[in-house]
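Since the structure comes first, as structure tokens, the remarks are kept for the end.
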Amino acid sequence: MGFLVFLVLMLLCFIAGIAVTIFVQWYLFNLYIDKLPYVGPASKPVIAPFSLPKAVLEEEPLGKEPAGSINALLQFLFQECRNTKRVRKWFRHRLSLELEELLTRTTTGKLFEKIVLRDLDLGSHLPAIRSIEVKTLSVDPGTKLIEEVELCLDLEYSGGFQLSIDASTRLSKLAHVSVKVNELSGKGMLKFTRYPYTHWCFSFYNDPTLQLEVETQFQGRSWAQVNSIIANQIRKSLKRKHTLPFYKIRYKPFFVKPEIDSLVEEEETQPGLLELTVVEATRLSSSPGPVFCNVAIDSSAWIELTHSGTASYLTVDVSVTKQPGPHIGINFKQEFISDKYQVGVVVESVSNPLCQDLKSGDIVVMVEGKNVQSLSALNKIIKQCQNKVTLRVERKLKLVLGNEDKVNQGETFGLRSRSIAAGDKTDSDSSNPPSSSDSPAKRSISGSPEHSKGIPRLSLCSDAEMEASKPQMFSTKDVPFSKVVQFNETFKINVLPDHKYVNLSVWSRGAEKNNLLGHISLPVKPHCCPPSPGHHVAMYSLLPPNPNLTTSIGNSLASHPGFEPCLCFGDVLLSFAFTGTGSSPGNQTSTSSPPTPAPSSSSSSTALPEIPEIISGPKHDFVRTHFEKVTQCGFCFKKIWLKDALQCEGCLMSCHKKCAVKAQAGPGCARTNPRRPSVQPEIITTPPDDINAQASVVEENLFSLRSGEQINDVLEALLSRPHDEGLMDAAKASGKMLFADFPPNVRKGKIDEMMSKIKHEIDAESQNHAALQREEQNSENATTKAKIAFLVGKSEERLQALTVLMLHCCAGLQDTREGEEAS
């Protein structure tokens with residue numbers, strides 16, 4: 001018994017010794033590993049640049065070469081694949097398309113009602129290549145990429161390819177045609193090229209030798225008289241389609257165009273960290289300046305983000321399917337857009353259930369790639385469209401600047417600041433007459449104005465989605481333009497559940513404005529969040545900046561079948577690495593240090609006007625009042641939409657609740673200081689007839705703009721009146737008489753000159769308003785802050801008055817255009 005206990009103890013000690021030894025070794029091994037420097041997986045994708053082997057570069061052209069090995073390979077593949085379902089289905093599909101084209105696009109369709117492929121025999125072998133010669137091998141000296149390869153093939157075929165078709169004539173008669181290829185020989189061109197995009201083509205240099213065996217039956221009886229006619233038609237078709245200079249641009253099976261998967265709206269994006277690397281961009285449109293790339297992740301797909309006046313807009317393309325009938329289910333209206341200082345077409349309401357992407361308030365910029373600036377032009381283009389209409393619209397956004405990122409509003413990164421100065425012109429203006437393009441009211445809103453250069457972080461959201469997820473925007477460094485633009489910059493992006501699209505755009509930086517070269521919007525879930533770890537590389541073709549460019553592109557290949565103009569604007573190589581775990585907001589940075597923000601003109605410190613000492617009179621005695629009609633605030637001159645606000649019992653001044661504190665800091669109640677004698681637009685104290693008579697007398701000489709020096713006089717008159725709908729109507733009505741006694745050309749020039757001066761005043765007052773707002777935000781003294789708030793209100797009053805003057809001039813310009821169209 002004691003011996004057994006001894007053996008058990010020895011066994012336990014042996015096992016314990018083994019365990020201790022293994023533990024010590026494991027501990028020492030981990031200690032050794034921990035002392036080694038951490039390397040980790042590659043943070044960037046490893047993509048080696050393409051280069052030709054030295055054997056190919058040093059090889060001298062040998063002229064014609066035998067193609068025995070290529071023939072053996074191709075014949076083996078044909079032997080094993082010719083009777084597979086996939087190959088036969090492809091041949092039947094292609095031949096059916098040819099027959100359908102024969103029936104619909106030629107005079108044959110007038111005789112035959114239906115043509116059906118009956119039997120198909122692919123023959124005994126493929127065409128044999130007797131010799132092959134490299135005609136052209138073009139290699140770019142800078143990029144070392146093969147730009148074009150042209151091969152000359154000496155072909156010979158006697159495999160007996162045969163097909164038979166059944167045709168029914170319009171006289172209810174049946175015909176049967178059988179065609180067999182006994183011989184086909186000649187020299188053919190096989191060309192692969194990457195300009196303007198990657199494709200291949202095949203065509204014969206000269207008319208090939210073609211021997212056909214044709215059999216024709218009509219109502220079951222032989223009809224040999226038409227055999228030669230059919231054979232000649234086939235030869236003519238071969239010469240017309242597949243003999244130089246004619247050929248078809250082809251893609252499959254070598255080059256498959258990448259398709260962007262559709263996004264399922266119900267599915268939410270998995271949160272996590274996305275590492276997006278912009279590797280390179282190739283085959284871009286020619287650019288005189290450096291190139292940079294903008295990347296943004298958002299809940300919607302958009303083309304660009306522009307800044308115009310005091311508002312920001314997203315540019316979005318929307319496809320609308322026309323409903324049966326003359327209407328498309330969308331109501332438009334033409335109105336003056338104060339943020340842009342011009343008249344535009346706005347979406348009023350949408351009743352088409354198939355158009356959920358279009359929203360009320362969207363500004364229509366283009367229809368089918370054509371600029372739209374009036375309601376009549378929009379209706380004319382829509383009537384010409386058949387089934388689908390493509391609209392390019394601008395959607396207004398609000399900029400919400402976070403407390404942790406206090407930046408000036410002028411330093412908006414990723415925005416295109418849209419300035420409409422008198423001398424500026426956009427890209428689309430060059431095609432318009434000088435008299436119309438120089439007018440500020442007719443200046444296109446789809447051009448490429450200056451791109452601001454600040455780099456703050458912005459929180460952007462629409463009016464109805466203030467609490468939605470905010471876009472994250474990044475930009476690469478400027479890279480000199482070349483055939484292959486190397487960016488190689490990685491951005492770490494926090495992906496939220498509401499993020500649906502990655503919007504990417506490539507820009508050319510110019511001295512005065514930046515031009516959009518191409519853009520693309522990728523759904524986040526199917527494309528940018530790969531399920532497996534590591535870097536996933538993909539190349540995408542960029543879409544044109546303007547849809548109209550696809551129809552006006554002057555490429556030498558545009559006359560060939562199969563040409564895709566939308567692929568002529570370059571492509572971008574991207575890499576995605578996604579980690580499906582929550583990441584801290586601090587990771588939302590670029591691995592490449594961004595350039596130091598350059599001070600822009602709007603962010604530079606502006607000298608504030610000296611704030612006068614306001615002599616405060618008696619305070620307003622505000623009481624809460626419910627108005628019967630929509631009333632206007634006597635301080636900010638904006639409407640009180642809910643009809644519930646404050647009113648002074650002394651001077652009867654109506655005021656927003658939010659404006660009450662600022663109004664108390666003003667010059668005081670008008671009982672003793674008659675500063676605001678007309679701030680009661682909706683409180684009727686006299687008979688309506690007397691009011692109309694007074695209004696007609698005031699409005700008769702209110703807009704007396706005959707020279708630029710009278711702008712200040714008219715502004716003083718407008719500042720003493722409430723900016724209600726009646727004043728807007730008066731501005732429109734009187735605008736039709738502006739310079740009406742001058743000839744049309746002279747009148748248009750005078751209106752343009754007046755609008756340029758008003759625009760200059762608006763720009764100056766906007767800068768003053770922004771400077772006052774910054775001063776108000778930075779001020780800590782309550783008294784000083786109240787004084788600045790008073791000046792801000794006065795500046796807003798002046799901006800409102802200038803906007804009314806611009807509306808007055810736009811009405812006159814529109815009247816001039818209508819007169820020209822009528823004449």
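A few remarks follow.
- Selection count where residues are open to solvent by less than 80 Å² (accessible area, probe 1.4 Å), at pLDDT below 90 and either assigned to a helix (DSSP H, G or I) or of a type in the set (A, V, I, L, M) (or both), scope the range 92-122: 13
For every residue, the table says whether it meets (1) modelled with pLDDT under 50; (2) outside any strand (DSSP E or B); (3) touching a helix residue (DSSP H, G or I) at 6+ places or on another chain (Cβ under 9 Å).
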residue	(1), (2), (3)
Gly534	no, yes, no
Asn546	no, yes, yes
Cys566	no, yes, yes
Leu573	no, no, no
Ser593	yes, yes, no
Pro612	yes, yes, yes
His620	no, yes, yes
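- Here His536 passes the criteria (1) open to solvent by 40 Å² or more (accessible area, probe 1.4 Å); (2) closer than 30 Å to Arg240 by Cβ except the one numbered (2).
- Among (1) closer than 25 Å to Arg170 by Cα; (2) open to solvent by 100 Å² or more (accessible area, probe 1.4 Å); (3) not polar (S, T, N, Q) - the single one Lys89 does not satisfy: (1)
- All positions within the range 115-136 that are free of Cβ contacts under 8 Å to residues at least 60 places away in the same chain and of a type in the set (A, V, I, L, M): Ile115, Val116, Leu117, Leu120, Leu122, Leu126, Ala128
- Among the residues here, Ala19 does not qualify as touching a His at 6+ places or on another chain (Cβ under 9 Å) and either modelled with pLDDT of 90 or more or surrounded by 10 or more Cβ atoms within 10 Å (Cβ to Cβ) (or both).
- Residue that is least open to solvent (accessible area, probe 1.4 Å) [pool: residues in the range 123-155 that are closer than 22 Å to Glu80 by Cβ and more than 48 Å from the chain's Cα centre (by Cα)]: Gly123
- Hits in the range 338-361 - residues which are touching a residue at least 40 places away in the same chain (Cβ under 8 Å) and not in a strand (DSSP E or B): Ser338, Asp339, Lys340, Tyr341, Asp357, Leu358
- Residue count for the range 765-775, restricted to those that are more than 16 Å from Ser338 (Cα to Cα) and among the small types (Gly, Ala, Ser): 2
- Criterion (in contact (Cβ under 8 Å) with a residue 24 or more places away in the chain, among the small types (Gly, Ala, Ser) and either part of a helix (DSSP H, G or I) or surrounded by 10 or more Cβ atoms within 10 Å (Cβ to Cβ) (or both)) met by exactly one of Ser43, Ser69: Ser43
- In this structure, Glu335 does not qualify as at pLDDT 85 or above and assigned to a strand (DSSP E or B).
Okay, residues lined up against (1) open to solvent by 60 Å² or more (accessible area, probe 1.4 Å); (2) small (Gly, Ala, Ser); (3) out of contact with any Cys (no Cβ under 9 Å at 6 or more places or on another chain):
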site	(1), (2), (3)
Asp478	yes, no, yes
Val484	no, no, yes
Asn488	yes, no, yes
Phe491	no, no, yes
Lys500	no, no, yes
Gly510	no, yes, yes
Asn514	no, no, yes
His519	no, no, yes
Pro530	no, no, yes
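- Sole residue being more than 28 Å from Asn227 (Cβ to Cβ), hydrophobic (A, V, I, L, M, F, W, C) and in contact (Cβ under 8 Å) with a residue 24 or more places away in the chain, chosen from Phe91, Phe78, Phe161, Phe112: Phe78
- Filter result (of a type in the set (Gly, Ala, Ser) and touching an Asp or Glu at 6+ places or on another chain (Cβ under 9 Å)) within the range 779-800: Ala789, Ser795
- Only strands (runs of 3 or more DSSP E) whose full extent lies in the range 161-239 are considered here, and the ones with at least 2 residues that are over 52 Å from the mean Cα position of the chain (by Cα) are 174-193, 209-218.
- Of the residues making up the range 355-370, those that are over 20 Å from Ser312 (Cα atoms) and out of contact with any Cys (no Cβ under 7 Å at 6 or more places or on another chain) are Cys355, Gln356, Val367, Gly369, Lys370.
- Tyr32 open to solvent by 100 Å² or more (accessible area, probe 1.4 Å) and either farther than 30 Å from Ser575 by Cα or in contact (Cβ under 8 Å) with a residue 40 or more places away in the chain (or both): yes
- Just so you know, in the range 780-795 the residues that are free of Cβ contacts under 8 Å to residues at least 12 places away in the same chain and in a helix (DSSP H, G or I) include one that is farthest from the chain's Cα centre (by Cα), and it is Thr783.
- Lone unmet requirement of (1) on the phi < 0 side of the Ramachandran plot; (2) open to solvent by 20 Å² or more (accessible area, probe 1.4 Å); (3) of a type in the set (Ser, Thr, Tyr) for Tyr341: (1)
- Pairs with Cβ under 7 Å, 6+ apart, first in the range 805-823 and free of Cβ contacts under 8 Å to residues at least 24 places away in the same chain, second part of a helix (DSSP H, G or I): none
The values are calculated or read from the model by the stated rules, or taken from the named source; none is laboratory data. In this text, all values refer to a predicted model and were calculated from it rather than measured experimentally. Cβ atoms come from the backbone with ideal geometry, glycine included; neighbour counts cover every protein chain shown. Only protein heavy atoms, including side chains, enter the accessible area calculation; ligands, DNA and RNA are left aside. Shrake-Rupley method; radii C 1.70, N 1.55, O 1.52, S 1.80 Å.
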